[in-house]
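What follows is a short report on a single structure.
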Amino acid sequence: MSERISTEPTETLNVNEIIRNQIMGSYESRLTPLKTALEETRRDEDPHKPRGAVVVSLWEQDDSLLTTKMFKRSLEELLNQAKKSEIDLDFFIVANNGGGSSAELGSQLKASVCSKIEELGGQVTKASTTRPEGLIDATTPWDLELPVGRSNPAEPGSNRFFLVEQEKDVVNKGKLRAVRDASTALSKAILEKGYAPDFIFQMDAETILEYRDPILAEAVPPFKAMYNQLTRGNKVAVGTKDRFAIMDPKTGEPLATPVGSAQKGYELTNTAKNFITLPGGALMAKTENYLAAMPVIAEVTPSMGVEDYMFTKMLREEAKQNGQNFEEDTAKSMAIITHLNRTPEGWREALQQMRNWKTHALAADEIFPDHPYNQESIHRYTFLVVTQRVSEALKLGPEHVAQLIRDIATMPAAMELLSDQVAADIFTKSGGITWTAGSALTLKRL
């Protein structure tokens, strides 16, 4: 009697492991040709001042034009720091999904940004994304030709500004879509046209780099400190720490109003000893690694609302596969530098902002389970926030004591936020997402 052959699978299929392998395999396949092309181009070039590519997505929500006001301020500040750092920049400003929630707002945003650039002595070159032929979804990059490379070399000591206008489309909205199209176009320019930026800097409309101790700025601008850490420290990516603020809708500048407990707690727990993520609002990375990763994130997880956290997870996985120490050999979180990060004024919206971040982070953790986002306990979180509130009240005034009362009133919803373990749907291909609104569930208690 012949031996019976079992047809049962020897292992249970791990879907997340398949997705993880797909992400890392696609990343590696993009990384190698980009690295080779950049090395060949730079080998043929004379020594030059560093030139970075800045990627930023802009979108107006209402007629306050708050995004435009914030970006005018952050643009001027970054140019000042880059000049002091002797670093030239190419800005790729993507007017995402038409630039606004309406055609009128998009037009106002683009006109105002161009006017500001001209005021600063720059000249704007416009480019447009074109809808690809056939059936497309949120994973599909739109066609975009950028006039950079050997045929259009940059003059040393100059900054260039490229305004990318995206046609308004339901499957092409959200920051990840803007990053996807810009990264795909930049990769094409590197592989086909000899473009070779020394690094990529991803920023948000409100991004302002500052030292925690202002005295440090007298020696080296924060932007140059990040660049030095990236190059001299031989890191793949460098980030800073969030400084949340409520923005004045009239000026686009941060208000002294205290932020909610969720944002304050995140600031206090995302420390150098507890490296959670490289920030999407102030991310400096090697060109090849950034451009290899972002299209993959958009392709495999098209409704991922925290591309920065997913990028961090990918770099952790890469370091693990290469037998490296992530925080020593791969990435650096510079706790001495903060970047401005906008938060809503209303406590409901502020909690929703952090809930969305958390639910998308949990989805990333399911794919990359190593180094999951571990929050502090409720007691520790509360202790840190209360201690900080009291300290700020003594220095800044009674409004920060009043914030403690508001914190207590919102504690039930905050506790639900901290304890909930719901992961967002990051695989939906039919539409876009943003930082504050997307596939995350709304808070039940709100």
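Consider region 126-156 and keep the residues that are in contact with a helix residue (DSSP H, G or I) (Cβ under 9 Å, 6 or more places away or on another chain) and either among the aromatic types (Phe, Trp, Tyr) or assigned to a strand (DSSP E or B) (or both). The one that is surrounded by the most Cβ atoms within 10 Å (Cβ to Cβ) is Trp142.
Of the residues contained in region 26-45, one or more are found to be modelled with pLDDT under 95 and not in a helix (DSSP H, G or I). Flag set for Asn159, criterion: of a type in the set (S, T, N, Q), surrounded by 15 or more Cβ atoms within 10 Å (Cβ to Cβ) and farther than 29 Å from Thr428 by Cβ. Only residues that are under 23 Å from the mean Cα position of the chain (by Cα) and within 11 Å of Leu65 (Cβ to Cβ) were counted in region 107-120, giving 2.
For the residues Met310, Met294, the requirement of being part of a helix (DSSP H, G or I), of a type in the set (A, V, I, L, M) and touching a residue at least 60 places away in the same chain (Cβ under 8 Å) singles out Met294. Within region 237-253, the set of residues being closer than 25 Å to Thr410 by Cα and either at pLDDT below 90 or in a loop (DSSP other than H, G, I, E, B) (or both) comprises Ile246, Asp248, Pro249. From the list Glu206, Glu155, Glu210, Glu165, the lone residue that is of a type outside the set (Phe, Trp, Tyr), over 16 Å from Val94 (Cα atoms) and touching a residue at least 12 places away in the same chain (Cβ under 8 Å) is Glu210.
In region 28-43, the residues that are under 20 Å from Gln321 (Cβ atoms) form Cβ pairs under 8 Å with partners that are assigned to a helix (DSSP H, G or I) and β-branched (Val, Ile, Thr), at six or more places apart or across chains, as follows: Arg30/Val296; Leu34/Ile190; Leu34/Thr287.
The residues listed here are Leu109, Leu89, Leu58, Leu105; of these, the one that is in contact with a strand residue (DSSP E or B) (Cβ under 9 Å, 6 or more places away or on another chain) and under 26 Å from Leu216 (Cβ atoms) is Leu89.
Just to verify a result, which residue in region 71-88, among those that are of a type in the set (A, V, I, L, M, F, W, C) and in contact with a Pro (Cβ under 9 Å, 6 or more places away or on another chain), is nearest to Ala205 (Cα to Cα)?
Just the residues of region 71-88 that are of a type in the set (A, V, I, L, M, F, W, C), to begin with: 71, 75, 78-79, 82, 87.
From what is left, the residues that are in contact with a Pro (Cβ under 9 Å, 6 or more places away or on another chain) are 82, 87.
Details: Ala82: 17, Ile87: 20 Å.
Out of the qualifying residues, it is Ala82.
Looking across Ile378, Ile433, Ile405, one residue alone is of a type in the set (A, V, I, L, M) and at pLDDT 75 or above. It is Ile405.
What residue, of Ala127, Ala103, Ala111, Ala138, is closer than 21 Å to Pro197 by Cβ and of a type in the set (A, V, I, L, M, F, W, C)? Steps first, answer last, please.
On the way: Ala103 fails: closer than 21 Å to Pro197 by Cβ; Ala111 fails: closer than 21 Å to Pro197 by Cβ; Ala138 fails: closer than 21 Å to Pro197 by Cβ.
Ala127 is the lone residue from the list that is closer than 21 Å to Pro197 by Cβ and of a type in the set (A, V, I, L, M, F, W, C).
Residues of region 254-291 that are in contact (Cβ under 8 Å) with a residue 60 or more places away in the chain, under 18 Å from the mean Cα position of the chain (by Cα) and not in a loop (DSSP other than H, G, I, E, B): Gln263, Tyr266, Ala282, Leu283, Met284, Ala285, Thr287, Glu288, Asn289, Tyr290, Leu291.
The set of residues in region 320-361 being among the aliphatic types (A, V, I, L, M), over 28 Å from Pro249 (Cα atoms) and surrounded by 19 or more Cβ atoms within 10 Å (Cβ to Cβ) consists of Ala331, Met334, Ala361.
So, in region 182-208, exactly how many residues are of a type in the set (D, E, K, R), outside any loop (DSSP other than H, G, I, E, B) and in contact with a helix residue (DSSP H, G or I) (Cβ under 8 Å, 6 or more places away or on another chain)? Please lay out each step first, then the result.
Pass one, region 182-208, residues of a type in the set (D, E, K, R): 188, 192-193, 198, 204, 206.
Add one more test, that the residue is outside any loop (DSSP other than H, G, I, E, B), and what stays is 188, 192-193.
Checking the rest, the ones that are also in contact with a helix residue (DSSP H, G or I) (Cβ under 8 Å, 6 or more places away or on another chain) come to none.
Final tally of qualifying residues: 0.
Considering only region 56-84, state which residues are buried (at least 20 other Cβ atoms within 10 Å of the Cβ), out of contact with any Leu (no Cβ under 7 Å at 6 or more places or on another chain), among the polar types (S, T, N, Q) and outside any strand (DSSP E or B). Result: Ser74, single match. Considering only residues in region 383-402 that are surrounded by 14 or more Cβ atoms within 10 Å (Cβ to Cβ) and touching a residue at least 12 places away in the same chain (Cβ under 8 Å), the one that is farthest from Gln321 (Cα to Cα) turns out to be Val401.
Anything in region 86-105 that is over 18 Å from Val179 (Cα atoms) and surrounded by 22 or more Cβ atoms within 10 Å (Cβ to Cβ)? List them, or say none.
Going residue by residue through region 86-105, those that are over 18 Å from Val179 (Cα atoms) are 86-88, 101-105.
Of everything in region 86-105, nothing turns out to be over 18 Å from Val179 (Cα atoms) and surrounded by 22 or more Cβ atoms within 10 Å (Cβ to Cβ).
Just one residue in the set Ala364, Ala393 is at pLDDT 85 or above and either more than 23 Å from Glu206 (Cβ to Cβ) or not in a helix (DSSP H, G or I) (or both); that residue is Ala364.
The values are calculated or read from the model by the stated rules, or taken from the named source; none is laboratory data. Remember, predicted model here, so these are calculated numbers, not experimental data. Don't worry about glycine lacking a Cβ; one is built from the backbone with ideal geometry, like all the others, and counts go over all protein chains shown.
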